[in-house]
Amino acid sequence: MTRPSRDDITGLLLAGGLGRRMGGIDKGLALLDGQPLAAHVLTRLAPQVGSVLINANRNGEAYASLGAAVIPDLRGDFAGPLAGLEAGLTACRTAYLACAPCDSPFLPADLVPRLADALAAGQASVAVARTGEQLHPVFALMRSDVLADLQAFLHAGGRRMESWLQRLCWVACSFDDKAEAFTNINTTDELRAHHPGDIPQ
């Protein structure tokens, strides 16, 4: 299996959730140092991929103003990250898709290249970031032809990404050297406590 190149990869920003732990606000649009969380993520993700899509179910115009095409879930029940992934894979026109959540503004600047190396080395369908014993399943790079299996999993009522991965050939990619980069912001208190300069590149 050849290592995916940057232009073969579409990036997907997952911003379709309900933001329950942040009082129901649209988390990706919450401001961190004057910029939406989603904008911080895009600043880091976009240089690593050929193009970017944003999965959002609310405030489509606000997300579109960040400079990427916006796609909503294909399912109407806020079915979680996998529903966003389904929408992204359906819209994807490249052989690979890399996803990241909107609440992790410090993601590694080399996230996608390292996932690509792991995917090729493992001859896998999906590569997922891991720090220590903790898997970060929404930081992933996958072949776009996993869509049919994902649709079958969702149709059967599946919702957890970890459970879906068990159906596939997947590999974990260690980011122990950048564990802090996977810090996510789920509450307004966490939003106030963090600044982009806190996390090394």
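Counting only residues that are in a strand (DSSP E or B) and touching a Lys or Arg at 6+ places or on another chain (Cβ under 7 Å), segment 112-153 holds 1 of them.
For the residues Gln166, Gln151, Gln134, the requirement of being under 21 Å from Ala15 (Cα atoms) and polar (S, T, N, Q) singles out Gln151.
Being crowded, with 18+ Cβ neighbours inside 10 Å and either in contact with a Pro (Cβ under 7 Å, 6 or more places away or on another chain) or not in a helix (DSSP H, G or I) (or both) is a description that does not apply to Ala109.
Restricting Ser125, Ser163 to residues that are over 26 Å from Glu190 (Cα atoms), of a type outside the set (Phe, Trp, Tyr) and touching a Cys at 6+ places or on another chain (Cβ under 7 Å) narrows the list to Ser125.
Return only the number of the condition from (1) assigned to a helix (DSSP H, G or I); (2) more than 15 Å from Cys99 (Cα to Cα); (3) in contact (Cβ under 8 Å) with a residue 12 or more places away in the chain; (4) not small (Gly, Ala, Ser) that His40 does not satisfy. The one condition His40 does not meet is (2). Annotation: of all residues in segment 182-201 being in a helix (DSSP H, G or I) and within 14 Å of Leu107 (Cα to Cα), the one that is modelled with the highest pLDDT is Phe182. Between Gly17, Gly50, the distinction of being modelled with pLDDT of 95 or more and surrounded by 15 or more Cβ atoms within 10 Å (Cβ to Cβ) belongs to Gly50 only.
The values are calculated or read from the model by the stated rules, or taken from the named source; none is laboratory data. All figures in this text were calculated on a predicted structure; none of them were measured in a lab. Note: ideal-geometry Cβ built from the backbone for every residue, glycine included; neighbour counts use all protein chains shown.
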